[in-house]
Each structure stands twice: as structure tokens, then as C-alpha cells.
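**Q** Quick one: this structure, given as C-alpha cells, is what I'll be asking you about.
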Amino acid sequence: MRIDILTLFPQMFDGLLNCSIIGRARERGLVDIRLHDIRGYTHDKHHVVDDYPYGGGAGMVLKPEPIFEAVESIKSELGLSAVPIILLTPQGRLFTQGTARELAGYQHLILICGHYEGVDERVADHLVSDEISIGDYLLSGGEVAAMAVMDCVVRLLPGVLGSEVSLVEESHIGGLLEYPQYTRPPVYRGLAAPSVLLSGDHGEIARWRRKQSLLRTAKRRPDLIEKAVLAPEDKILLSEAFEIKS
Ligand code: ADE
């Protein structure tokens with residue numbers, strides 16, 4: 001997959017691109033991530049990218065011209081016309097694991113990071129194919145949102161994660177939160193890891209984990225439990241779990 005990112009602050013991406021899973025995926029050629037400084041697509045001496053909002057009001061608005069030109073230049077370099085062009089904005093549709101799966105199916109993505117008070121609406125109306133928000137809160141720009149989207153998408157690409165099992169069992173993959181994890185030592189400062197996990201009984205361990213996952217999701221994210229497709233055994237586990245806890 002190739003991901004092109006349009007930003008006013010390319011240096012913000014240094015850490016993410018060079019560490020951990022994304023760093024390794026890039027080294028192994030599984031993803032090609034290119035950063036484009038929006039200022040590089042201006043034509044005036046001072047590389048102005050923003051301007052006062054028409055109609056007045058606080059803050060500045062990102063001008064449309066450098067963003068249109070940057071996207072057109074990337075598209076013509078690749079000779080592609082049908083590529084998802086995504087604007088990161090708090091006005092977008094909410095990003096979920098499902099959105100990540102959908103985006104991971106493309107060969108190429110273009111991500112545009114907004115900044116200041118916003119981006120001239122002609123970009124949303126006539127250039128981009130999608131607008132995405134990573135949550136109902138306001139970041140100072142689209143960069144952190146683009147990093148979150150990219151991180152979720154890249155780890156879903158074939159070959160990126162060592163073990164496919166970790167993908168199957170993680171939070172949100174099956175619509176539930178993940179069960180709690182423990183490692184050595186078995187007792188730390190008097191706090192014991194659940195004995196079932198040390199029992200070697202894989203059937204019991206799987207049952208315990210499923211129950212914890214259901215319980216945790218029901219308590220912390222009732223909205224997810226309502227949407228989850230639960231097997232009859234899950235409903236039994238859930239009622240058992242609630243009896244134990246209360
Ligand atoms: N830019 C500012 N806040 C944002 C958010 N919550 N999601 C995506 N882009 C943003």
C-alpha cells in the first residue's frame with residue numbers, strides 16, 4: 001500500500017514512521033508512506049497557506065489552491081484517478097475498526113491534514129472522497145488523526161503483524177473489548193494473576209477470557225454490547241459474570 005500525506009507539519013510524523021510496527025513495515029517494503037508539505041505547493045514568496053475567513057470570525061482558514069495542486073500532482077505522478085482522498089476533520093464520519101478494515105483494502109490512500117479553524121469547504125465538496133473524524137473532540141490539526149488512521153490501517157496489511165492470532169483476539173476486532181492480560185511473575189506485591197491462566201486448561205482459559213471480555217464490554221461500553229452478535233453461550237457467560245460481580 002502507498003499512503004500520501006498532505007500536511008503543514010511533516011516533521012510531526014518522524015516518530016511514527018520510524019518506530020515499531022510502521023517502522024518495520026516500511027523497512028520491509030509493505031507500505032510506502034510519503035509526506036508532502038502543503039507549503040511546497042504555494043507560488044508566492046511567503047508560501048502563504050491560510051487566509052481570513054470570508055464573513056469574519058476568529059482564526060484562519062486553509063486556502064484551497066495548494067491542497068488541490070498537491071493532490072493533482074500526486075495523482076498525475078501515479079497516473080491514477082480513483083484513489084480515496086480523505087480529509088481528517090472533526091466534521092467527518094467516525095473512524096472505527098470497520099473503517100480501518102475498509103481502508104486497508106485499497107492500494108493507495110491520500111490523507112489531508114486540516115489545520116487552523118478549518119479548510120476551505122471547496123476542498124471537502126470538490127476534491128476529497130471521504131471525511132474522517134477520530135472522535136468527538138477537537139485536536140489542533142489533522143496530523144494526530146492521520147497518524148491514528150494510518151497506524152490502524154497499516155497493522156491490518158498482510159504480513160505486517162507477526163502473528164495473525166493477535167489480530168483475531170484484539171479489542172474491537174470482534175466487536176468486544178479484549179480480556180485482561182497477565183504475565184510473570186505469578187504474584188507481584190501480593191497481587192496474584194488469575195489462577196485459571198496458569199492452569200494449563202485451554203478450554204477453561206478460553207471460557208474465562210470470553211467471560212471477561214463480555215463483562216468488561218458490558219460495563220465499560222454498553223453501546224458495543226448492544227450491537228454485538230452474541231451466541232447463546234455468551235449470554236449464559238454474561239449472566240454468570242454479572243452474578244459473580246454483583
Ligand atoms: N482535526 C481536529 N480534530 C479532529 C478529529 N477529532 N478528528 C480528525 N481530525 C481532526
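FYI, it's all coordinate maths here, none of it is from the lab. Owing to the predicted nature of the structure, the values given are computational and were not obtained by experimental measurement. Cβ placement follows ideal geometry from the backbone for every residue including glycine, while neighbour counts extend to all protein chains displayed.
**Q** Filter the chymotrypsin sites (Phe, Trp or Tyr not before Pro) in the range 16-115 down to the DSSP loop ones having no more than 10 other Cβ atoms within 10 Å, then list what survives.
**A** Numbers: sites: Tyr41, Tyr54, Phe68, Phe95, Tyr106; in loops: Tyr54, Phe95, Tyr106.
Those satisfying the criteria are Tyr54.
**Q** For a footprinting-style exposure proxy, rank Cys19, Cys152, Cys113 by other Cβ within 10 Å, fewest first. Kindly include the intermediate steps, with their values, before the conclusion.
**A** On the way: Cys19 10, Cys152 19, Cys113 26.
Ascending Cβ contact count within 10 Å gives the list Cys19, Cys152, Cys113.
**Q** For the range 181-246, just the Cα atoms, rotate onto the principal axes and tell me the three extents in Å, largest first.
**A** Extents along the principal axes: 37, 24, 20 Å.
**Q** In straight Cα distance, which lysines are under 20 Å from Lys45, not counting same-chain residues fewer than 8 positions off?
**A** Lys63
**Q** Hey, got the dipole for the chain? About the Cα centre, +1 on K and R Cβ, -1 on D and E Cβ, debye to the nearest 20?
**A** 1140
**Q** Around Gly92, what is the net charge, scoring Lys/Arg as +1 and Asp/Glu as -1 over all other residues with Cβ under 10 Å from its Cβ? Intermediate results must be reported in sequence, preceding the final value.
**A** On the way: positive: Arg93; negative: Asp130, Glu131.
Local net charge: -1.
**Q** Order of Arg216, Arg34 from fewest to most other C-beta atoms within 10 Å?
**A** By the 10 Å Cβ count, ascending, the order reads Arg34, Arg216.
**Q** So for the range 69-199: antiparallel DSSP bridges make up what percent, rounded to the nearest 5?
**A** 25
**Q** For the range 171-210, state which trypsin sites (Lys or Arg not before Pro) are in a DSSP loop and have at most 13 other beta carbons lying within 10 Å of their beta carbon. Walk me through the numbers on the way to the answer.
**A** On the way: sites: Arg189, Arg207, Arg209, Arg210; in loops: Arg189.
Those that pass, being in a loop and sparsely packed, are Arg189.
**Q** Could you list Thr96, Thr7 so that the one with the fewest beta carbons within 10 Å of its beta carbon is first and the one with the most is last? Numbers along the way, then the final one.
**A** Details: Thr96 12, Thr7 24.
So the residues, fewest neighbours to most, are Thr96, Thr7.
**Q** Cβ under 14 Å from Lys75's Cβ, Lys75 left aside: what net charge do those residues give with Lys, Arg +1 and Asp, Glu -1? Intermediate values should be presented prior to the final figure.
**A** Working: positive: Arg2, Arg34; negative: Asp4, Glu69, Glu72, Glu77.
So the environment of Lys75 carries a net charge of -2.
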